[in-house]
Amino acid sequence: MDRSPPPFFRQGPSATVRLLLFAALAIALLITDARTGLLISLRQGLGTLLYPVQRALLVPRDTARAVLAHVDETEQLRKDNTELRRLETENARQLLLAEQLAQENRQLREIVQARERSTTRTVVAEVLFESRDPFARRWVIDKGLQHGLVAGQPVVDSRGVIGQVTRVFALSSEITRITDTNLSVPVQARRTGLRSMASGSETPGRLSLRFVSAHADLIEGDEIITSGLDSLYPAGLAVGTIRRIGRETGSQFARIELEPAAQVDAARWVLILLAEPLVMPAPAGAETPSVKSKRAGARQAKPQVQP
């Protein structure tokens, strides 16, 4: 009876014999390749065949590196653009203030004893979105009470007057643009000094001058600037340029339309002037309001003697 294992379970040579056989074969190939170089062509062929496989395996790594590099470059460009916009707004503010101070100082020295004006503190803000009211010209910005904003402060950009702050919250504020019909700004013509009030026009994106005589010395192209009479907007800020003058027969007033100097419909960054009321020192010997009120109260409290 045959007791040999089936062919499936036959192991052939032992593991030790196979180890020695393959070790001898490897040593022989190493010696042959080192002396004759017969395997160089074989290695080059295998390398050529495996190169596409290697490149395919590196695609995920290269893609991940490219995506990370693109994200880093985009973030750096965004930071650079933000810084450039801030610098542009600050430089424009300095130019506007320089011209304004030159005119005001010259006029004040001729009329009264002028004092040096201090530079107005400012806050750069970003426009978040526009008000939902289609009939109002309002923007919401990302600065509020925490940044020193209060209602009534003027808002400008690198070209001229944008409007003013009308509502303030803790971390955001609402500004009304100069093209709103409910907002008026005291202005004057740079060429002639004629004073008037500028407010929003019926034409979207335009301004109009109110109550200007039909015979006023104004022509198309005249620059309109703030007059500073309201103690809110500094004098000399650009407001707009006259684009159309309509003089109707029988009317005492002209219809004057301005094109705003500022980007009232496309500004992304605005500058809020943190205007503070100017407190004038009381003259020598003058009574303060508190002293006057005390004396008035004492006079009212004094009993009257009936005859």
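For this structure, a couple of remarks:
- Boolean, Leu77 is at pLDDT below 85 and not assigned by TED's automatic domain parsing to the domain that holds Ser184: no
- Condition check for Arg78: in a helix (DSSP H, G or I), surrounded by 10 or more Cβ atoms within 10 Å (Cβ to Cβ) and in contact with a Lys or Arg (Cβ under 8 Å, 6 or more places away or on another chain): no
- Enumeration of residues in the range 201-233 that are of a type in the set (A, V, I, L, M) and within 19 Å of Gly250 (Cβ to Cβ): Val212, Ala214, Ala216
- Residues within the range 200-219 that are assigned to a strand (DSSP E or B) and among the hydroxyl-bearing types (Ser, Thr, Tyr), tallied: 2
- Just one residue in the set Thr89, Thr119 is among the hydroxyl-bearing types (Ser, Thr, Tyr) and modelled with pLDDT under 80; that residue is Thr119.
- Cβ-Cβ distances below 6 Å connect the following pairs, each with a first residue in the range 206-219 that is in the same structural domain as Arg190 (by TED's automatic domain parsing) and under 18 Å from Ser184 (Cα atoms), a second residue that is part of a loop (DSSP other than H, G, I, E, B) and among the polar types (S, T, N, Q), and a separation of six or more residues or different chains: Leu207/Ser201; Ser208/Ser201.
- Those residues of the range 201-210 which are at negative phi and either modelled with pLDDT under 90 or out of contact with any Ser or Thr (no Cβ under 9 Å at 6 or more places or on another chain) (or both), in sequence order: Ser201, Glu202, Thr203, Pro204, Arg210
- Applying the condition of being touching an Asp or Glu at 6+ places or on another chain (Cβ under 6 Å) and of a type in the set (D, E, K, R) to the range 145-193 and asking which residue is surrounded by the most Cβ atoms within 10 Å (Cβ to Cβ) yields Arg190.
- Matching residues in the range 220-232 - criterion: being within 15 Å of Ala198 (Cα to Cα), modelled with pLDDT of 90 or more and not in a strand (DSSP E or B): Asp222, Ser227
- Residue count for the range 233-274 under the criterion of being touching a strand residue (DSSP E or B) at 6+ places or on another chain (Cβ under 6 Å) and acidic (Asp, Glu): the result is 2.
The values are calculated or read from the model by the stated rules, or taken from the named source; none is laboratory data. Everything numeric in this text was worked out from a predicted model, so none of it was measured. Neighbour counts are summed over all protein chains in view; Cβ atoms, including those assigned to glycine, are modelled from backbone coordinates with ideal geometry.
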